[in-house]
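First the structure, in the form of structure tokens, and then the observations on it.
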Amino acid sequence: MAQSEHVVPNSVPVNQLLCRVAFDSLTPTEKLYAHYLCRACFHGGLIVLLQTSQESVPIFLLLQKLFTAQSVQSLHDDKPETVSEEDFQALLVYAAAVLTNMGNYRSFGDNKIIPGLPMKSFRAVVESSKAYRDDSSGVNSLWQDCSQAMYSLSSDDRELSFPPKGKTLYYSSNCMQEDAEFVQGFMTQMNISPYNTRLFKKESGDGQVVFELKLASIATTNDPIGSTDRVAAILGEHRYKDKTIKIVRGDYSPLLQRVVDNLQKAKVCPDPQHSQSINCFCM
């Protein structure tokens, strides 16, 4: 295994999306529409972090603290002399890669991304930052939560996959590929798309296995929501080839509530086509 496969080189280009001119040319109503769509996307994107790896969330929060407390130039000026220009650039490239992929694994390829600078240099930049001066306890806690996992390239950390080859948060840690394939057969029979679902395998003391299939939804109960709620009818326990599969909804409910709230606000745009599209996402 070559470590270089997991490090984004400092030479990778970073392109800025210059949207100010386009945004300024919009009408006030169109600006509100674009704003609320962006807010909905932001809150939805946080779910990607939660589904990528355990350390993705503290890494994201650490980077947010570093780069909202001061500018990149200011962070650079505060860095210790022991941190080289190359190492500082590697930190910026790593931050860009994590934020681009919304996690520390590539969205295409699923292999892990690790920083291209030594851990001691990364920590030195963190501890010299304004964010650390303002909240050393909080920043240090985030560092402790993610630093070891951030750099780990153990055999089961290198890619998103089923154990023992890799890790995934789409399934519980005891779920193997054959379990996923088994439940996929049930989902095909029930005409349930695997998108927006997670699978958890629960084993009782007597050896009985129950698969819990979680559906992403604002709703958290089995009660029907209006006349168009087709999901309520399939919630609960099902028997499939001598196994119990329980369908529940409400996964990521708080974040999805924020997504829908912002989509509802985006409906200020008078364009009927846009409003109709948003209604489809809010259902």
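Some observations on this one:
- As a fraction of the 1.4 Å probe accessible area of the range 48-161, surface on carbon and sulfur atoms comes out at 50 percent.
- CD proxy at 222 nm, helix term only [per DSSP H run n ≥ 4: -39500 (n - 2.57); per residue of the chain; nearest 500]: -15000 deg cm²/dmol
- In this structure the amide hydrogen of I113, modeled in the peptide plane, comes within under 5 Å of the amide hydrogens of Y105, R106, none closer than 5 places in sequence on its chain.
- Among the listed options (1) 64, 56, 34; (2) 105, 49, 44; (3) 194, 37, 22, the one matching Cα extents along the principal axes in Å as calculated from these coordinates is (1).
- Choice from V98, V248, V268 with maximal GNM fluctuation in the chain (Cα, 10 Å cutoff): V268
- Ligands, DNA and RNA left out, the accessible area of the range 201-266 computed with a 1.4 Å probe is 48% carbon and sulfur.
- Helix 56-69 and the longest principal axis of the C-alpha atoms of the chain enclose an angle of approximately 40°.
- Once the Cα atoms are used to define both axes, helix 136-151 deviates from the longest principal axis of the chain by about 70 degrees.
- Exceedance of the 23 Å cut-off in Cα-Cα distance is limited, within the set K201/K241; K65/K167; K167/K241; K31/K267; K165/K246; K31/K65, to K65/K167; K167/K241; K165/K246; K31/K65.
- Backbone HN-Hα couplings from phi across the range 7-24 [Karplus 6.51/-1.76/1.60, Hz, Gly and Pro as x]: 10, 7, x, 4, 7, 5, x, 10, 10, 7, 8, 8, 10, 4, 4, 5, 5, 5
- Relative contact order [Cα under 8 Å, 6+ residues apart], the chain, whole percent: 20
- Length-normalised contact order for the range 58-169 - Cα pairs under 8 Å, 6+ apart - percent: 31
- Antiparallel %, DSSP beta bridges [both residues in the chain], to 5: 60
- Using the Cβ of M176 as centre and a radius below 11 Å, the other residues enclosed give a net charge of -1, where K and R count +1 and D and E count -1.
- Close amide H contacts of R249 (hydrogens built in the peptide plane, cut-off under 5 Å, sequence separation of 5 or more or a different chain): L215.
- Among beta bridges identified by DSSP and lying wholly in the range 140-245, the antiparallel ones come to about 70 percent.
- FRET efficiency, 1/(1 + (r/R0)^6) with R0 25 Å, evaluated for F108 and L18 via beta carbons: 0.50
- Sequentially through the range 71-80, phi angles give Karplus couplings (6.51, -1.76, 1.60; θ = phi - 60°) of 6, 4, 4, 5, 4, 4, 5, 7, 5, x Hz, Gly and Pro residues having no value and appearing as x.
- For the range 125-283, the solvent-accessible area works out to 59 Å² per residue, with a probe of 1.4 Å and every protein chain left in place.
- The range 109-238 - percent relative contact order, Cα under 8 Å, separation 6 or more: 14
- Ranked packing of 135-143, 6-14, 101-109, most packed first, by mean Cβ within 10 Å: 101-109, 135-143, 6-14
The values are calculated or read from the model by the stated rules, or taken from the named source; none is laboratory data. Just so it is clear, the model here is predicted, and its values are computed rather than measured. Ideal geometry is used to build each Cβ from the backbone, glycine not excepted, and the neighbour counts take in all protein chains shown. Areas reflect the complete protein model, heavy atoms only, side chains present, ligands, DNA and RNA absent. Shrake-Rupley method; radii C 1.70, N 1.55, O 1.52, S 1.80 Å.
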